[in-house]
Structure formats: C-alpha cells, structure tokens
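The values are calculated or read from the model by the stated rules, or taken from the named source; none is laboratory data. Every value quoted in this text rests on a predicted model; they were computed, and no experiment measured them. Virtual Cβ from ideal backbone geometry, glycine too; neighbours counted across all protein chains shown. Just the protein is used for accessible areas: all its heavy atoms, side chains included, with ligands, DNA and RNA removed. Shrake-Rupley method; radii C 1.70, N 1.55, O 1.52, S 1.80 Å.
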Amino acid sequence: MTGTIQNRDSFLNQIASQLGRSRISSKVERPTWKFRPQDEVLKDATQDELLEVLAEQCKKIHTTLYQTELKDLPSTLNEVVTNYGGGPIVTWKDERFSKWGLNSLLKTQWPSQDYDVYEWDHTKGSENITKAEKANVGITISEITLAESGTVVLFSDQDKGRTVSFLPATYIALIPKSSLVPRMTQAAQKMREIHEKTGHVASCINFITGPSNSADIELNLVVGVHGPVKASYIVINDL
C-alpha cells in the first residue's frame, strides 16, 4: 500500500539539530571494507557440506532433522506428523505443496484419518489465528536456510501467515536443499537481490531456529516457552 509522508523534512531537521549537526541529505556511499571476515565462513562449502553443518547444528538446537528425496516427501511428512500425534494441522497456502506431490496427503489421506487440515485463507481474517492456536502441527517452507545456526527464513504474505510457525504445539519446516546458505551474511545478500529485482519486501521476515526456548533465568535453558515445544526440519533433495 502506498501512503503519504507528512512533515518529514521538519522532523528530520529537528533530529539533526538535536545531534548538533546539519542534516545529511546526500546519498550515503557504502564503504569498501578492506577485510570482510563474514564472507569467509564456509565460503567454499558444497550443498552437501552445508547439509552436514546443518545436521550437526540441529543437535544443539533440539531440532530433529530428516532428509528425503522429493518422491518420498509425502511418506516422510506423514511419519513426522504421526510422531507428533496427528492433527489438527495448519499450513500455508502455497503452490509448492501441490508441486511437491503433497495434495493427496493434505486433502485425502489425512482427512480420512480424521486429521483436520486447514489451509491459510486471508479472506477469513482472525479465523486463521484461531485455527493456528488450536493446531497441533504447523507446516511452512523455508525460503533461505542458514546452515551455521540451523535457522529457517520465512517470508510472510497474505497466503503465508506468521502464526502458522509459532502458535501450533509443534512445527515442521520443509527445507529445499537448494535453499541452504552458510550463514546470515548470504541470507541478507539474497534478500537484497530479491528487493533489487522485484522492488518488493515481504511484509514480515521471520528467522526461526528450532523450537521456542529461553535461558533468561540464570542461563538455564528451557525449551518450549512461548511457541512450538518441538520442531522438525525436513530437507528435500531438489538439486
């Protein structure tokens, strides 16, 4: 949505004045740094090597990692959901579910097992949040996956609600192997490239590293504090 900005100049001038300097209105040039150590981490790692790093990191963030060929994705996903106790299930509305052969599982097999499967529908407003609150399993897709930290990156839009990943009791991220990058450095670069190419930025970008957890109290780690108590990553060999 395009809006209008009112009183911008006077507001920025006031800030500059309080900082004791004149307002900088010229374009800021990006500096050329002599050293960029962030680019060297896992610099030449292959996708298989990045997957090994991700698998090792998942052990540290209390996340179960599965690997599957695309043809076996329905059976693998069914196994994970069954291990979590079945439905209710909430998913994004995403054409990749159909492309990856999951329609039969989502629309026939699970409903026949009395698993309630709800697909995000932006026209239903707050009903989506209610469904996510009551769901046992939330399923989304990672757009970029950070091997170093075991982090999935989610781009929200009208068909990809934010609550699918943090209101259900358990969470499953489908991860295309091609989405693996070394770390945050490459994720930021990819997002910049997307913006420069499309002129669009997702309404919300979530970085999720395993199930919810906190170590705020005397550094004692507690898992499952304010979101899914369990999380699984399913890496799909799409290369």
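Which pairs do you get when a residue that is of a type in the set (S, T, N, Q), found in region 4-29, comes within reach of a residue that is open to solvent by less than 100 Å² (accessible area, probe 1.4 Å), reach meaning Cβ atoms under 7 angstrom, with the pair 6+ apart or on two chains?
That search, which allows pairs on different chains as well, returns N13/R23; S22/A16.
Hey, can you tell me all the residues within region 133-144 that are open to solvent by less than 10 Å² (accessible area, probe 1.4 Å) and either among the aliphatic types (A, V, I, L, M) or over 14 Å from the mean Cα position of the chain (by Cα) (or both)? Let's see the steps before the verdict.
If we filter region 133-144 for residues that are open to solvent by less than 10 Å² (accessible area, probe 1.4 Å), which is where we start, we get 135, 137-142, 144.
Result: A135, V137, I139, I141, I144.
Collect the residues in region 46-68 that are out of contact with any helix residue (DSSP H, G or I) (no Cβ under 7 Å at 6 or more places or on another chain), open to solvent by less than 40 Å² (accessible area, probe 1.4 Å) and either β-branched (V, I, T) or assigned to a loop (DSSP other than H, G, I, E, B) (or both), keeping them in residue-number order.
Those that are out of contact with any helix residue (DSSP H, G or I) (no Cβ under 7 Å at 6 or more places or on another chain), open to solvent by less than 40 Å² (accessible area, probe 1.4 Å) and either β-branched (V, I, T) or assigned to a loop (DSSP other than H, G, I, E, B) (or both): I61, T63.
Out of region 109-132, which residues are open to solvent by 60 Å² or more (accessible area, probe 1.4 Å) and closer than 10 Å to I89 by Cα?
Those that are open to solvent by 60 Å² or more (accessible area, probe 1.4 Å) and closer than 10 Å to I89 by Cα: D116, E119, K131.
Can you give me the number of residues within region 78-115 that are touching a Pro at 6+ places or on another chain (Cβ under 8 Å) and at positive phi?
1
Taking the residues in region 85-103 that are more than 20 Å from the chain's Cα centre (by Cα) and open to solvent by less than 40 Å² (accessible area, probe 1.4 Å) as candidates, determine which candidate is farthest from N136 (Cα to Cα).
If we filter region 85-103 for residues that are more than 20 Å from the chain's Cα centre (by Cα), which is where we start, we get 85-88, 101, 103.
In the following step, the residues that additionally are open to solvent by less than 40 Å² (accessible area, probe 1.4 Å) were identified as 86-87.
Working: G86: 7, G87: 6 Å.
The residue in question is G86.
So, restricting to strands (runs of 3 or more DSSP E) that lie completely within region 145-239, which ones have at least 1 residues that are among the basic types (K, R) and surrounded by 17 or more Cβ atoms within 10 Å (Cβ to Cβ)?
Numbers: elements: 151-156, 170-176, 204-208, 230-237.
Answer list for region 145-239: 230-237.
Within region 87-100, does at least one residue satisfy the condition of being of a type in the set (D, E) and either in a loop (DSSP other than H, G, I, E, B) or more than 25 Å from L146 (Cα to Cα) (or both)? Write out each step before concluding.
So the first thing to find is which residues in region 87-100 are of a type in the set (D, E), and the list is 94-95.
In the following step, the residues that additionally are either in a loop (DSSP other than H, G, I, E, B) or more than 25 Å from L146 (Cα to Cα) (or both) were identified as 94.
Checked region 87-100: at least one residue is of a type in the set (D, E) and either in a loop (DSSP other than H, G, I, E, B) or more than 25 Å from L146 (Cα to Cα) (or both).
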